[in-house]
Amino acid sequence: MKKAYYITLMGTLERRGNTLFFENEEVKRAIPINSTSEIHCFKPVSLTSGAIKILSEKNVPVHFYNKYGYYRGSYMPAEGQISGTVVIKQAEHHLDPERRLYVARQFVEGIKASMLAFLRSQGAENRRLKEIPVEGESPAELMGVESTLWREFYDVFASLLKHFEFRERNRRPPTDEVNALISYGNSVLYTVALSEIRKTYLHPAISFLHEPLERRYSLSLDIADIFKPVTVFRVILRLINRRQIREEHFERDVGVMLSSEGLKVFISELNGELGKKILHPRFRRNVSIRYLMRLECYSLVKHFLGDAKYRSLRAWW
């Protein structure tokens with residue numbers, strides 16, 4: 001199975017022969033392009049024309065983040081999986097208020113189920129969160145429900161942290177260590193969802209819960225949100241409570257960001273979590289959490305084509 005490649009140093013991606021290299025004044029490292037699913041750049045990285053050519057040939061996207069971990073944009077090769085039929089059906093479901101509302105509600109149900117699954121795994125179930133109804137007459141109202149769910153979830157999550165305080169979610173830039181970790185984690189999950197969507201026939205800009213906007217792959221937000229509690233927040237809690245991430249792993253200017261060493265620790269743990277294999281109850285085989293995101297996309301394709309009713313993932317681990 002192909003793997004993500006993470007770059008945490010400034011440098012250049014260039015092609016030499018049929019090999020992609022990352023280079024700077026201190027490092028020269030070959031990247032196994034045939035076994036790479038996508039590349040994430042957390043420091044300024046330049047792409048030569050040769051690098052762009054081989055990335056296009058191998059259909060490997062490159063995602064870029066700023067120093068606070070926020071997604072800046074991507075180099076996206078031409079789509080490898082294209083189906084006009086699926087995109088038309090996807091757009092029809094978006095444009096029909098009733099059909100869009102059904103899919104949007106499923107996303108929020110999946111988010112809530114993932115929150116509850118994570119809290120159960122920590123012995124910290126929350127009755128108030130459990131009793132919040134997923135109801136709304138529009139995607140905007142469902143977004144309001146999602147916000148309420150996250151507020152309740154954040155309160156319980158904060159109580160589980162041992163070495164850092166977390167009072168509320170803030171961003172652009174994050175003002176404390178936990179918010180910095182959430183921002184990095186959410187951005188990576190968003191781009192991983194984007195990479196998995198590109199392996200299906202779905203169009204990443206046609207979304208259902210989030211509003212489609214220019215320069216944003218909003219379906220990635222819909223998909224990623226389902227998986228945040230059981231990936232990003234699980235990793236953050238583990239790293240903080242085990243003291244694998246400490247105060248010295250952060251830097252400050254107008255906001256808080258991970259240091260180079262902190263970024264390596266965090267990305268390594270998150271990538272490992274996304275690659276973790278769990279037994280799928282329906283398929284009766286072990287699949288990675290990352291692959292579960294692709295299965296979610298396939299379920300949407302079947303729904304749009306009328307082959308099977310979509311029911312969002314209900315996390316069980």
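The values are calculated or read from the model by the stated rules, or taken from the named source; none is laboratory data. Computed from a predicted model, the values in this text were never measured in an experiment. All Cβ positions, glycine included, derive from the backbone under ideal geometry; neighbour counts span all protein chains shown.
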Worksheet entry | Cross-chain or 6+ apart pairs with Cβ under 8 Å, the range 268-284 first and within 15 Å of V192 (Cβ to Cβ), then in a loop (DSSP other than H, G, I, E, B) | E269/Q244
Worksheet entry | All positions within the range 27-55 that are over 22 Å from V192 (Cβ atoms) and either assigned to a helix (DSSP H, G or I) or touching a residue at least 12 places away in the same chain (Cβ under 8 Å) (or both) | V27, S46, T48, S49, G50, K53
Fill in: Those residues of the range 193-215 which are out of contact with any helix residue (DSSP H, G or I) (no Cβ under 9 Å at 6 or more places or on another chain) and among the aliphatic types (A, V, I, L, M), in sequence order
L213
Discussion item. Filter the range 1-23 down to the residues that are outside any strand (DSSP E or B) and more than 21 Å from G73 (Cβ to Cβ) and list them by number.
Written reply: M1, K2, G17, N18
Worksheet item: Looking at the range 1-38, which of its residues are of a type in the set (F, W, Y) and more than 18 Å from the chain's Cα centre (by Cα)?
Response: F21, F22
Fill in: Selected residue (criterion: surrounded by the fewest Cβ atoms within 10 Å (Cβ to Cβ)) from residues of the range 213-255 that are touching a residue at least 60 places away in the same chain (Cβ under 8 Å), assigned to a helix (DSSP H, G or I) and charged (D, E, K, R)
E247
Worksheet item: Restricting attention to the range 141-156, does a residue exist that is within 24 Å of V254 (Cα to Cα) and at pLDDT 95 or above?
Response: yes
Discussion item. Among the residues in the range 268-277, are any part of a helix (DSSP H, G or I), assigned by TED's automatic domain parsing to the domain that holds I111 and closer than 24 Å to K89 by Cβ?
Written reply: no
Worksheet item: Which members of the range 93-141 meet the condition of being among the polar types (S, T, N, Q) and under 15 Å from Y310 (Cβ atoms)?
Response: Q106
